[in-house]
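Let me begin by presenting the structure, written as structure tokens, before commenting on it.
The values are calculated or read from the model by the stated rules, or taken from the named source; none is laboratory data. Fair warning: this is a prediction, and the values are worked out from it, not measured in the lab. Because the Cβ atoms are built from the backbone with ideal geometry, glycine has one as well, and the counts that use them run over all protein chains shown. Heads up: the accessible areas ignore ligands, DNA and RNA and are worked out on the full protein's heavy atoms, side chains in. Shrake-Rupley method; radii C 1.70, N 1.55, O 1.52, S 1.80 Å.
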Amino acid sequence: MSAGNGPDAPGAPGLAPTWSSSDKDAIGTSHYSSRVWFTVGRGILNEVYWPHVDRPQVRDLGFIVADGAGFWSEVKRDAAHEVRHAEHGAPAITAVHRHPAYRLTLRICADDHADVVRIEARLEDLRDGGGPGPAHPPLRLYPLLAPHLGFTGLHGSAWAGAYKGRPMLFAQDGPWALALASDPSPLRQGVGYVGVSDGWQDFAANGRMSWEHPQAGPGNVAGMTELALDGGAAQLALAFGARPEEAALEASAALASPFESAWQEYLGNWDAYLRTVVEPPAGLAPDERDLYLTSATVLRSHQDRTLPGATVASLSVPWGNTRNDVGGYHLVWSRDLVESAGAFVALGAVATARRTLAYLVASQEPDGHWPQNQWVDGMPYWNGMQLDEAAYPILLAGALRTGAAHMHGRPGPHEEAFRNLVSEAALDGMIARAAGFIARTGPATGQDRWEETAGLTPSTLAPVVAALVVAAGHLPEPAAAYCLELADDWNASIEEWTYARGTRLAREHGVDGHFVRIASPDVLAGAPISTPVALRNRPPEASMVPADEMVGTDFLALVRFGLRLPDDPRILSSLAVADALLRTDTPSGPVWRRYTGDGYGEHEDGRAYDGTGVGRGWPLLVGERGHYELDAGRDAGPFLMAMRRMASGGGMLPEQVWDAAPIPGRRLEPGRPAGSAMPLAWAHAEYVKLVRSVALGHSIDRPEAAWRRYRGVVPTATRATWRFTAQRPSMPAGRLLRLEVTAPARVRYSTDGRRTWADIDARDTGLGVWVADIPGSDRLDPGGAVDFTVWWPGAGRWEGRDARVEVVAAATT
């Protein structure tokens, strides 16, 4: 275990660490018991996660090929590479690197029984004569390992040592340790500080391996070994443990078994999973079928092994090669989690989706919400409040409770199996808490689905309304009735809150109006829809934008969730504006940006996002548009094709694709993956659901309860609600004024200009909201008003001020 002789590496602590590029070729993990997850980028091993799917421990493991006499080549920079999955999309990865002087073939998998990534490396000498000779010393392989133990490269230590006589590289940071072993054993090995004394710097300075520093750290450390592949191939085992000795034992044990045996077992377990997946439609093109199966394994590979049901958003750090973020996208967002679970239902993996629901029940906060995102153990990372993230778990519960067989088209005892995994009491409690949080907090959200802006947006309101309808079917009275009333009230108000008429954008595109991307929460208190809203990812001087100057594709959710019909005139006019401003036609197909003025993406010159930039096209929005076209009775095939063409060569769907002129120097090509997260589980889920939706004839995740209640038709508004958080100054004539408060209350009111007063006790809805409907308020003419104040019996005090809601003429639509 001890380090070898010689001076320690110079140059502490090394360069500031970063992660590797998020441009992944492939990802993989065992479908058995191993607790390692690996990624592949530019044909080499990138981040490796252990012992949970949210904990990256390695930046990369790359290779140099050299002959010790002046020729050397870093594989990822100098060789063209091709990455492919084994048959049927199983994540057993083969990467072939082609260079005029050599061909390096890597096979990469996880050991099914140990926390080990296994690599087989075959090196072929392609120089004149086909191999070494008097003019060509033999080529050797130099693995380059950059550990980032403890989710960072700041404090690691590394050394060249041995375990029971077998030379190995070791690294450690507190309770995290790894070992890199090989067969054949290395001829030489050394460690250093990144950017100063690491193996790459050695070759850059000397053209060969000349440094064999035995120890480095603490700091940003790296290691290198020298392998002579006399038989043409080598095995490597990258193992993890709580102590270096544990990792070393795992590595040695892995190398004691043939690589081919581990490869076949790994592949066999994945093939067994894929045989359970619902077959795609018969008419699906072969490359689209391949992406469907690859998506099935990508989604499964984003799940944790020891905390069932936890699924991270992406095994990547967006623009990771420019930053050292602790979180990245390897965190759990409840929205992305439910999107993935919906895809599992579509794939027929209903048990997997049920485990997701059990995880959601366990990780719900006491007040009914889920954090903006969290580690797989349920501890919050960011604490923003997104109302849709409280809605999606309700929708998943409803789909699994009543619709799993319908959604994936196979009958079976799903209801009984469902009850065996999640008890009725636990599920009802989760639904009640989530519905109560929505009722108390909505309709405005603290953040929209893009995690940037507070307010009222169709992409949040649609799932929230649908979730309230679903919740009503699983809750007792009076909570059930109130959920439906609230859903109706909010649904009837969506256009009032978010549809802007007569705007500059409407005039420029020849329509009467359009849905805004998001409206200010102040709209609930009577402010105009044009009220400016704050934007992230923008320079300070451009961070406030009039809401009616910003459009997105968020309104498509109204159709997806069954609240509006595809041919609703307001949907069609919004499509005209959104297509004119957000659509880009690329060689891969059409793609849409999130919204006008989006700053989350590379700069115009291709530089990485650094807090500002230009938002690019999102393939998952292509899938959302495909679902809309399907619901409108049109062909969704072109959108499936576009998503497939936007995937990487290894079948990974990115968060964003480049949608401007090519910049070859930054490897940015139109319609091809950009530098943000890849793969994005949400995008793969959207692709799977679109494939299955095509077979079903409509959006597979359309909540049936919401569709049965609304059938895409706007309900008639009968109430006007007033809250202390949304103090509306007026209401249309003909509506009943409803006061909604979050504690028991008595309301004293007057409807005749304060000449007479009456009292009414607010009734308990069972969801932490008490409501008082003011008698006679729906019979007041324009010019009338309701005056009121509140007595709080729990506190034994009056509110201390009166409020007034004036009655105005009802607006025409």
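Yes or no, residue by residue, for (1) in contact with a strand residue (DSSP E or B) (Cβ under 6 Å, 6 or more places away or on another chain); (2) open to solvent by less than 40 Å² (accessible area, probe 1.4 Å); (3) modelled with pLDDT of 95 or more:
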| position | (1), (2), (3) |
| --- | --- |
| Phe38 | yes, yes, yes |
| Gly41 | no, yes, yes |
| His52 | no, yes, yes |
| Leu61 | yes, yes, yes |
| Ala66 | yes, yes, yes |
| Glu74 | yes, yes, yes |
| Ala80 | yes, no, yes |
Breaking point among (1) surrounded by fewer than 24 Cβ atoms within 10 Å (Cβ to Cβ); (2) outside any helix (DSSP H, G or I); (3) not aliphatic (A, V, I, L, M), for Arg517: (1)
Residues in region 585-594 that are surrounded by 18 or more Cβ atoms within 10 Å (Cβ to Cβ) and either under 13 Å from Ala660 (Cβ atoms) or within 18 Å of the chain's Cα centre (by Cα) (or both) total 5
Counting just the residues of region 316-360 that are β-branched (Val, Ile, Thr) and crowded, with 21+ Cβ neighbours inside 10 Å, which one comes out nearest to Asp60 (Cα to Cα)? Val317
Scan region 305-321 and report the pairs whose first residue is at negative phi and whose second residue is among the acidic types (Asp, Glu), with Cβ atoms within less than 6 Å and a gap of 6+ or a chain change. Ala310/Asp304; Val312/Asp54; Ala313/Asp336; Val317/Asp325
Could you tell me which residue of region 616-646 is surrounded by the most Cβ atoms within 10 Å (Cβ to Cβ), considering only residues that are assigned to a helix (DSSP H, G or I) and acidic (Asp, Glu)? Glu624
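Any idea which of Thr29, Thr39 is touching a helix residue (DSSP H, G or I) at 6+ places or on another chain (Cβ under 9 Å) and either over 30 Å from Met652 (Cα atoms) or of a type outside the set (A, V, I, L, M, F, W, C) (or both)?
Checking each option against the conditions leaves just Thr29.
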When residues of region 766-813 are limited to those that are more than 25 Å from Gly753 (Cβ to Cβ), without any contact (Cβ under 8 Å) to a residue 40 or more places away in the chain and touching a strand residue (DSSP E or B) at 6+ places or on another chain (Cβ under 8 Å), the one surrounded by the most Cβ atoms within 10 Å (Cβ to Cβ): Trp770
Just one of the numbered conditions (1) assigned to a loop (DSSP other than H, G, I, E, B); (2) open to solvent by 40 Å² or more (accessible area, probe 1.4 Å); (3) without any contact (Cβ under 8 Å) to a residue 40 or more places away in the chain is not true of Arg538; which one? (3)
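Of all residues in region 744-765, which are of a type in the set (Phe, Trp, Tyr) and either out of contact with any strand residue (DSSP E or B) (no Cβ under 6 Å at 6 or more places or on another chain) or surrounded by fewer than 20 Cβ atoms within 10 Å (Cβ to Cβ) (or both)? Give the steps one after another, and end with the answer.
From region 744-765, those of a type in the set (Phe, Trp, Tyr) are 749, 757; that's our starting set.
Selection gives Trp757 alone.
Going through Met209, Met224 one at a time, which residue ends up being assigned to a loop (DSSP other than H, G, I, E, B), touching a helix residue (DSSP H, G or I) at 6+ places or on another chain (Cβ under 9 Å) and of a type in the set (A, V, I, L, M)? So that I can check it myself, show each step before the final result.
Details: Met224 fails: assigned to a loop (DSSP other than H, G, I, E, B).
On inspection, the qualifying residue turns out to be Met209.
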3 or more residues without any contact (Cβ under 8 Å) to a residue 60 or more places away in the chain: qualifying strands (runs of 3 or more DSSP E) within region 17-127: 93-99, 102-110
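Determine whether Val96 is touching a Gly at 6+ places or on another chain (Cβ under 9 Å) and either of a type in the set (A, V, I, L, M) or over 26 Å from Pro51 (Cα atoms) (or both).
Working: touching a Gly at 6+ places or on another chain (Cβ under 9 Å): yes; either of a type in the set (A, V, I, L, M) or over 26 Å from Pro51 (Cα atoms) (or both): yes.
Yes: the conditions hold for Val96.
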Does Trp211 qualify as being open to solvent by 50 Å² or more (accessible area, probe 1.4 Å), in contact (Cβ under 8 Å) with a residue 60 or more places away in the chain and within 24 Å of Ala9 (Cβ to Cβ)? yes
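Do you know which of the residues in region 214-246 that are acidic (Asp, Glu) and closer than 16 Å to Pro138 by Cβ is most open to solvent (accessible area, probe 1.4 Å)? Quick ask: steps written out before the conclusion?
Going residue by residue through region 214-246, those that are acidic (Asp, Glu) are 226, 230, 245-246.
Within this subset, residues satisfying the condition of being closer than 16 Å to Pro138 by Cβ are 226, 230.
On the way: Glu226: 7, Asp230: 147 Å².
Checked region 214-246; the qualifying residue most open to solvent (accessible area, probe 1.4 Å) is Asp230.
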Residues that are open to solvent by 10 Å² or more (accessible area, probe 1.4 Å), assigned to a loop (DSSP other than H, G, I, E, B) and either of a type outside the set (Gly, Ala, Ser) or closer than 30 Å to Gln374 by Cβ (or both), drawn from region 281-303: Pro281, Leu284
Does Ala576 satisfy the criteria of being assigned to a helix (DSSP H, G or I), at pLDDT 95 or above, open to solvent by 20 Å² or more (accessible area, probe 1.4 Å) and of a type in the set (A, V, I, L, M, F, W, C)? yes
From the list Thr751, Thr765, pick out the single residue that is hydroxyl-bearing (Ser, Thr, Tyr), over 46 Å from the mean Cα position of the chain (by Cα) and at negative phi. Thr751
Check Val688 against each of (1) of a type outside the set (Ser, Thr, Tyr); (2) surrounded by fewer than 19 Cβ atoms within 10 Å (Cβ to Cβ); (3) part of a helix (DSSP H, G or I) and name the one condition it does not meet. (2)
Region 342-365 residues that are in a helix (DSSP H, G or I), paired with ones that are modelled with pLDDT under 95 and of a type in the set (Phe, Trp, Tyr) (beta carbon under 9 Å, 6 or more apart): Val350/Phe418; Arg354/Phe418; Leu357/Phe418
